[in-house]
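This report refers to the structure that appears directly beneath it.
The values are calculated or read from the model by the stated rules, or taken from the named source; none is laboratory data. Because the structure is a prediction, the values reported are computed rather than measured. No Cβ is skipped: glycine too gets one built from the backbone with ideal geometry, and neighbour counts run over all protein chains shown.
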Amino acid sequence: MPLLRVDRLAVVYGATEVLSDLSFQVEPRQRLGIVGANGSGKSSLLKAISGEITPTRGSLTLAPRTRTAYLAQEIEAGPHESVYADALHSRPDIMGLRVRLSELETAMTGGQSAELTALVENYGDVQHEYERLDGYAYDNRVAEVLHGVGLTEADQALPPSALSGGQRRRLALARLLLQEADLLLLDEPTNHLDLEAIEWLEEFLRLSRAGMLIVSHDRRFLERTADDILELQAGMGEWYPGNYRQYLRLRRERRALRQKEYDAQQDYIARTEEFIRRYKAGQRAREARGRQTKLDRLDRVAPPSDDQQIRIRLRASGTSDLIFQSDGLTLSYPSPASGGGPGWGLTVPAFTINAGERVAIVGPNGSGKTSLLKALLGELRPLKGRVKSGPRVTMRYYDQHLADLDPNKTVLTELQDAFGLPEETLRTFLGRLLFRGDDAFKVIRSLSGGEKSRVALAKLMLDDAGLLLLDEPTNHLDIPAQEMLEDALQDFEGTIVFVSHDRYFIDAIATRLWVVDQGRVATHLGNYTDLERSRQRAGRLVVAAEADPTPRRDRHREAGAAAATAAPASGVEHQIGELEAEIRRIEEQLADHQTYDDPSRVTTLAQAHDDASRRLRALYQEWEQAAGE
């Protein structure tokens with residue numbers, strides 16, 4: 001029996017019918033990803049299933065005794081004295097049994113012998129149920145889940161009301177995961193999570209036995225957690241078997257087939273109408289009337305629906321070859337726990353960023369990524385060191401909190417005041433970002449997060465800076481908008497330094513990573529997938545070394561035989577190590593400011609760096625294939 005059956009569901013939100021004729025079902029342990037543009041009804045669907053809103057028509061049927069748990073986008077603080085206690089009370093059944101056991105223990109201590117037998121028997125029954133629910137391991141489970149979503153022991157001691165919005169969402173996610181429900185309803189579960197927490201959550205959900213409906217704009221997350229994809233569009237849903245990558249392929253194929261069927265029918269209709277026009281009054285009038293009847297009864301094939309997509313084009317002014325150069329930095333940034341006083345520090349080794357590079361800054365939340373971006377921008381003064389920018393470098397900063405937008409202005413006046421362009425020009429321009437008609441006169445404070453992001457993107461498009469500093473630019477954007485932004489940034493002829501937790505986005509844009517870890521920055525070539533391959537390779541080498549019981553004196557004796565039978569991956573690993581060392585030597589020379597006294601040497605080193613990076617990516621792929629054989 002299906003865990004959930006949805007039949008011809010309709011939901012009205014305000015004056016708009018966001019879902020009109022939606023039908024699908026979810027089997028036990030099935031993980032269904034739900035995608036669609038903003039406003040397509042994804043959150044409304046989860047609210048209807050959870051009982052938060054009532055459908056206009058249609059039905060929602062859950063299997064008997066199905067327990068559901070719902071993670072909403074808007075989170076309120078819990079009532080308990082600490083974060084840990086709030087998470088502990090995610091399971092009222094376990095906590096209730098715990099109280100009952102304590103009461104029975106007290107009763108048995110002071111009880112009379114006549115009633116002691118009954119108390120002991122009752123205690124045994126309650127204890128058996130407590131053990132069945134794994135109550136004795138529950139405290140450890142709570143600590144594990146809270147740590148997994150990124151809430152430290154210090155965070156767990158705070159009252160829930162003291163948490164930030166992001167921390168509050170992490171607590172809500174922990175409470176949901178602890179409930180061990182049969183059906184999880186997850187609305188943007190990766191919001192406010194850093195990469196480590198997202199990857200932990202992916203693994204947690206893969207091991208879970210619950211069925212799931214997952215609404216997410218994180219494409220890599222959908223790829224790794226969803227078994228199937230449901231796309232919502234025009235109030236209806238279309239089912240795609242497989243994960244997100246398979247969905248993209250099938251969607252292209254289905255749309256191409258529908259376009260072909262539509263074009264063929266339109267050709268048939270045109271030929272038939274021409275025949276009717278030519279012969280309706282002649283000797284073949286009867287045949288023409290017959291064709292008209294058939295044409296009137298023809299089931300018309302609808303054309304593939306057009307996605308409402310934003311159109312982004314970014315211009316870049318010319319810059320010098322050198323964008324940034326530093327002999328090293330030490331940064332300090334405020335800690336919320338210290339009331340804005342000094343917090344953690346961040347050490348950045350010597351670096352150089354050249355024109356045309358795409359550098360992604362990745363690391364845990366609160367590790368200093370945004371502060372590093374602001375140090376490059378010149379808004380944060382380092383404790384030690386300095387950043388030198390090249391001549392003719394113009395910058396534009398994208399703030400993840402969209403703080404540079406005036407909440408009291410309209411969309412139109414925000415752009416007019418910044419760029420001084422005529423209203424007619426700006427309204428035509430805003431249409432490319434889906435601000436049509438009176439949308440241009442909306443006050444910014446009334447906009448959704450996605451709409452505010454589009455206003456911020458408009459300011460990037462109207463500028464022509466040669467350097468973009470972007471802090472979480474995909475936040476609040478739906479998947480079609482993310483894809484449009486990726487295309488625009490790939491075509492952008494300038495330099496990009498950006499902070500992101502979106503692995504799909506990082507892979508599409510980055511040529512180099514700055515990885516922030518435990519107060520230091522390390523440089524890695526390539527994108528996030530390249531970093532994962534490097535870590536996997538290092539992990540396998542460590543595991544192999546730890547698992548090898550052969551005494552060191554005997555290893556040389558066996559080296560000849562081992563070389564004859566070694567996997568191809570061994571030779572590739574050696575080449576990778578040499579190439580990584582070569583790239584580090586090149587980067588050290590590029591980081592030396594004296595190098596820039598000789599422009600021809602800079603050009604030679606930059607070309608050598610590009611060539612070595614390209615060869616390293618090819619070797620990573622070769623190693624991955626050899627290691628998997």
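If I filter region 167-184 down to residues being within 16 Å of Ile198 (Cβ to Cβ) and of a type in the set (Lys, Arg), which single residue comes out as surrounded by the fewest Cβ atoms within 10 Å (Cβ to Cβ)? Looking at residues that are within 16 Å of Ile198 (Cβ to Cβ) and of a type in the set (Lys, Arg), I get Arg169. Scan region 516-528 residue by residue and report those that are surrounded by fewer than 18 Cβ atoms within 10 Å (Cβ to Cβ) and either in contact with a Ser or Thr (Cβ under 7 Å, 6 or more places away or on another chain) or closer than 16 Å to Glu199 by Cβ (or both). Passing the criteria: Asp517, Gly519, Arg520.
Of all residues in region 481-511, count the ones that are of a type in the set (Lys, Arg) and either in a loop (DSSP other than H, G, I, E, B) or touching a His at 6+ places or on another chain (Cβ under 7 Å) (or both). Working first, answer last.
Start the filter on region 481-511 by keeping residues that are of a type in the set (Lys, Arg), which leaves 503.
Narrowing the set further to residues that are either in a loop (DSSP other than H, G, I, E, B) or touching a His at 6+ places or on another chain (Cβ under 7 Å) (or both) leaves none.
Residues that pass the stated criteria total 0.
Right, Val26: more than 28 Å from Glu451 (Cβ to Cβ), under 29 Å from the mean Cα position of the chain (by Cα) and crowded, with 20+ Cβ neighbours inside 10 Å or not? Criteria met by Val26. Candidates Ala107, Ala69: the one that is part of a strand (DSSP E or B) and touching a residue at least 12 places away in the same chain (Cβ under 8 Å) is Ala69. Quick one: would you say Lys374 is surrounded by 13 or more Cβ atoms within 10 Å (Cβ to Cβ) and closer than 21 Å to Gln309 by Cβ? Judged against the criteria, Lys374 is not a match. Which members of region 513-529 meet the condition of being in contact with a helix residue (DSSP H, G or I) (Cβ under 6 Å, 6 or more places away or on another chain) and at positive phi? Listed by number, the list holds a single entry, Gly526. Counting only residues that are in contact (Cβ under 8 Å) with a residue 40 or more places away in the chain and of a type outside the set (S, T, N, Q), which one in region 265-310 is surrounded by the most Cβ atoms within 10 Å (Cβ to Cβ)? So the residue we want is Ile310. The residue of region 485-514 that is farthest from Gly449 (Cα to Cα), among those that are among the hydroxyl-bearing types (Ser, Thr, Tyr) and under 13 Å from the mean Cα position of the chain (by Cα), is Tyr504. Note on region 367-413: residues that are closer than 25 Å to Asp321 by Cα and in a loop (DSSP other than H, G, I, E, B) amount to 13. Checked against (1) surrounded by fewer than 16 Cβ atoms within 10 Å (Cβ to Cβ); (2) of a type outside the set (Val, Ile, Thr); (3) modelled with pLDDT of 90 or more, Leu32 passes all but condition (1). Given the criteria surrounded by fewer than 23 Cβ atoms within 10 Å (Cβ to Cβ) and within 16 Å of the chain's Cα centre (by Cα), does Gln482 qualify? Answer is yes for this residue.
For region 389-415, the tally of residues that are surrounded by 13 or more Cβ atoms within 10 Å (Cβ to Cβ) and either more than 22 Å from Gly450 (Cβ to Cβ) or touching a residue at least 60 places away in the same chain (Cβ under 8 Å) (or both) stands at 10. Only a single item in (1) part of a strand (DSSP E or B); (2) closer than 20 Å to Glu223 by Cβ is not met by Thr474, and it is number (1).
A quick yes/no check of all residues on (1) surrounded by fewer than 18 Cβ atoms within 10 Å (Cβ to Cβ); (2) modelled with pLDDT of 90 or more; (3) of a type in the set (D, E, K, R); (4) over 24 Å from Ala606 (Cα atoms):
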residue	(1), (2), (3), (4)
Ser320	yes, no, no, no
Pro334	yes, no, no, yes
Ser338	yes, no, no, yes
Gly345	yes, no, no, yes
Thr352	no, yes, no, no
Ala355	no, yes, no, no
Glu379	yes, yes, yes, yes
Lys384	yes, yes, yes, yes
